[in-house]
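Everything on this sheet refers to the single structure shown next.
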Amino acid sequence: MKILIFTVLSSLLLLCIEGATLPPSFKICKRSEPDLNACFKEAVQVALPLLKDGISDLGIPPAEPLYVNSMTLGGGSGAMKVQQNYKNVKIYDIINAKVDDATLKVGDKTFDATVSITIPKCRAEADYDLDGQILMLPITGNGKCTLEFENAKALIIMKGELFDKKGKTHVKLGELKVDLKPENAKFHFDNLFDGDKQLSDQMNKLINDSWKDLYEEVKDGYNDMLAGLVKNVADTVFNKVPYDELLP
């Protein structure tokens, strides 16, 4: 799911770059807008589907599907104590997200942005390797897995400050947080327990029956990882693009 947040924040960070580097269908917001928040919300909404095929000139990869080489999640400390390793992650349908709210506050020395979105449905496919315990039961396996989220809400918060770089003003992020809350989720792991179908079916059922409790155990790890990835992307853009070009 970390690429979910990458797509959204790519929109946030790049939708306001000077028109010569963006397709004409992107909406540009100016600091002098009478309702900057409304413009910002619309700009993010417009940008999402435009990222479907990526923007090669800006180094933005296609968003349908999104691809991640690998990701690792450490074991939890409660109901879910599982080391999770994923490779070749593909995520679909993020560009169908609906922007519920967006606020942008720009001061003489500060930059604050908050965006709330809802993704009606998204699906992820990956190669996995798991080892640990779920609800005190052992789980082990490797193979293919799928994850489906329904009505997933994501809150993205960025806080930064303005600084001078070679005579131009840039943004430096000091804080970036992500909070992802799906309304429903469905998991499926092939080849659990060395392909034992009965044990595999039972464990998949247990995971899906208990997904809310299990997600609570690992959500901080997911959110921290997502926030770290997004901050790396944001820092790269803010370091290269002056503030006056991001928000003319």
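Just so you know, all these numbers are worked out from the coordinates, no wet-lab data involved. From a predicted model like this one, the values you see are computed outputs, not experimental measurements. Quick reminder, even Gly has a Cβ in these numbers, built from the backbone with ideal geometry, and neighbours come from all protein chains shown.
Quick one: what are the phi-derived ³J(HN,Hα) couplings along the stretch 119-124, Karplus 6.51/-1.76/1.60 with θ = phi - 60°, whole Hz, x for glycine and proline?
Working through the residues one at a time gives 9, x, 7, 9, 10, 10 Hz.
I'd like the FRET efficiency for residue 187 and residue 142, computed as 1/(1 + (r/R0)^6) with the beta carbon distance as r and R0 of 22 Å, rounded to 0.05.
Calculated transfer efficiency: 0.90.
Using only the Cα atoms, work out Rg/Rh for the stretch 117-177, with Rh taken as the Kirkwood radius, to two decimals.
The Rg/Rh ratio comes out at 1.26.
Which length gain, in nm to one decimal place, applies between residue 197 and residue 209 when the Cα-Cα distance is subtracted from 0.36 nm times their residue separation?
2.5 nm
For residue 241, what residues show an amide H to amide H distance below 5 Å, using hydrogens built from the backbone and excluding near sequence neighbours?
Here the answer is none, since no amide H 5 or more places off falls under 5 Å of that of residue 241.
Expressed as a whole percent, how much of the Cα-Cα distance distribution for the stretch 140-248 exceeds 21 Å?
Here the long-distance tail beyond 21 Å is 55 percent of all Cα pairs in the stretch 140-248.
Could you work out how much longer the chain between residue 244 and residue 27 gets when fully extended? Use 0.36 nm per residue separation minus the Cα distance between them, nm to one decimal.
76.5 nm
Taking 30 Å as R0, compute the FRET efficiency from the Cβ-Cβ separation of residue 109 and residue 224 and round it to 0.05.
0.65
Using the per-residue mean of other Cβ atoms lying within 10 Å as a proxy for protection, in what order, highest first, do the peptides 206-216, 81-91 fall?
Result, highest mean first: 81-91, 206-216.
How many nm is it between the label spots at residue 100 and residue 38, if each spot is 7 Å from the Cα in line with the beta carbon?
A separation of 2.2 nm, rounded to one decimal place.
How much length is gained if the chain between residue 163 and residue 123 is pulled fully straight, taking 0.36 nm per residue apart and subtracting their Cα-Cα distance, in nm to one decimal?
10.4 nm
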